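Have a look at the structure below, then the notes.
The values are calculated or read from the model by the stated rules, or taken from the named source; none is laboratory data. Fair warning: this is a prediction, and the values are worked out from it, not measured in the lab. Positions of Cβ are backbone-derived with ideal geometry, glycine not excepted, and every protein chain shown enters the neighbour counts. Please note that ligands, DNA and RNA were not included when accessible areas were found on the heavy atoms of the full protein model with its side chains. Shrake-Rupley method; radii C 1.70, N 1.55, O 1.52, S 1.80 Å.
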Amino acid sequence: MDRLKDKVALVTGASSGIGKSIATRFAQEGAHVAVNYRPGSAKDHDAALAEVASFNATATAVEADVSKREDVERMIAQVVEKFGRLDICVNNAGIEIKRPFLEVSDDEWNKVVAVNLYGCFVVSQAAARAMVKRGGGGKLIFISSVHEDIPFPEYTAYCASKGGVRMMMRNLAMELAPYRVNCNNIAPGAIATPINQSVLEDPQAKQNAISEIPWGRFGTPEEVASVAVFLASDESEYVTGSTYYVDGGLTQQVTAY
Ligand code: NDP
């Protein structure tokens, strides 16, 4: 359980769901973890921090709205000041808004793209600058989605933002390779977290969703965290520019008829 011993990791949107699981697993693996949460969030970030800190007491909470550059730069500076460096940055924070394409407003579009795409840009840029300045490489991990690839009617802004994350990650993999910063996506699909609450609480909608998943069930945040540990660890030294699907085979569910 020491695959990330003494590494310094930041996880955005870490007070719930996948982000919380990744932060917790990283701490279990010996990392010093900064648990990011959104200012004004209704999520219980104290409870999330306590859970992460139960595995590594050095864990700390950092407040920042990932869609605001000044927040993000302050957050990265706080992490570097507290721990002396930043080795691993997980771009997990994300939102979705369901709306038919013909009705999507500019505000809705801009909100989703600001968190999911601009947020990944500004957080990974600030993190990569810190990694490159210190030298010695690093790991940028993006939590995109199966919808970096699969269309999802009525979620156009979400799909566009996640497709953008996929392409951004591939570009960064090339630009940052000389600095030994690995860049990879994890693309989850149908994970039981608050983002899917309305489906999980509706038995018929849940059954419909499960019928699309070859593995026959929703995934767990812990199953996403397992892949994140690999991508954050030294074992993934030669892995960059890739997407790892954690989706029970959802992306393969295209039949000929
Ligand atoms: P959650 O809603 O539990 O997690 C999202 C987290 O992001 C929340 O803690 C949320 O905090 C935080 N967040 C939202 N906006 C901001 C912001 N501006 N600044 C900082 N933090 C913010 O859902 P998941 O754990 O499922 O989602 C995590 C990631 O996984 C997302 O990027 C999502 O798109 C992706 N994903 C999830 C899938 C799934 O099936 N669950 C499938 C594919 C992708 P708050 O609620 O306080 O705003």
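So for region 2-24 (the condition being outside any loop (DSSP other than H, G, I, E, B), touching a strand residue (DSSP E or B) at 6+ places or on another chain (Cβ under 9 Å) and away from the ligand (no atom under 13 Å from the Cβ)), does at least one residue qualify?
Within region 2-24, one or more residues are outside any loop (DSSP other than H, G, I, E, B), touching a strand residue (DSSP E or B) at 6+ places or on another chain (Cβ under 9 Å) and away from the ligand (no atom under 13 Å from the Cβ).
Working only within region 208-241, note down all residues that are more than 14 Å from the ligand (Cβ to nearest atom) and open to solvent by less than 40 Å² (accessible area, probe 1.4 Å). Working first, answer last.
If we filter region 208-241 for residues that are more than 14 Å from the ligand (Cβ to nearest atom), which is where we start, we get 208, 211, 214, 216, 226, 229-241.
Selection gives V229, L231, A232, S233, S236, V239, G241.
Which residue pairs have Cβ atoms under 8 Å apart, sit 6 or more places apart or on different chains, and have a first residue in region 87-104 that is under 18 Å from V8 (Cα atoms) and hydroxyl-bearing (S, T, Y) and a second that is away from the ligand (no atom under 13 Å from the Cβ) and not in a strand (DSSP E or B)?
The qualifying pairs do not exist here.
Restricting to region 16-36, name every residue that is in contact with a Lys or Arg (Cβ under 7 Å, 6 or more places away or on another chain) and under 11 Å from N92 (Cα atoms).
S16
From the list A42, A59, A31, A50, exactly one residue is more than 15 Å from the ligand (Cβ to nearest atom), among the aliphatic types (A, V, I, L, M) and open to solvent by 20 Å² or more (accessible area, probe 1.4 Å). Which is it?
Values: A42 fails: more than 15 Å from the ligand (Cβ to nearest atom); A59 fails: open to solvent by 20 Å² or more (accessible area, probe 1.4 Å); A31 fails: open to solvent by 20 Å² or more (accessible area, probe 1.4 Å).
The conditions single out A50.
Let me confirm something: among A225, A187, which residue is farther than 22 Å from P151 by Cα and aliphatic (A, V, I, L, M)? First the steps, then the outcome.
On the way: A187 fails: farther than 22 Å from P151 by Cα.
Just one listed residue meets the conditions, A225.
Determine which single condition K43 fails, assuming it passes every other condition in (1) closer than 29 Å to V112 by Cβ; (2) at pLDDT 95 or above.
Among (1) closer than 29 Å to V112 by Cβ; (2) at pLDDT 95 or above, the lone unmet condition for K43 is (2).
State whether the residues of region 147-160 include one that is open to solvent by less than 30 Å² (accessible area, probe 1.4 Å), over 21 Å from A187 (Cβ atoms) and over 13 Å from the mean Cα position of the chain (by Cα).
Within region 147-160, not a single residue is open to solvent by less than 30 Å² (accessible area, probe 1.4 Å), over 21 Å from A187 (Cβ atoms) and over 13 Å from the mean Cα position of the chain (by Cα).
List the residue pairs whose Cβ atoms are under 9 Å apart, where the first residue sits in region 189-208 and is at pLDDT below 95, the second is open to solvent by 40 Å² or more (accessible area, probe 1.4 Å) and within 7 Å of the ligand (Cβ to nearest atom), and the two are 6 or more positions apart or on different chains.
Going by the 9 Å Cβ cut-off, the qualifying pairs are P194/K43; I195/I95; I195/E96.
Restricting to region 175-207, name every residue that is within 16 Å of the ligand (Cβ to nearest atom), among the aliphatic types (A, V, I, L, M) and at negative phi.
Matches in region 175-207: I186, A187, I191, A192, I195, V199, L200, A205.
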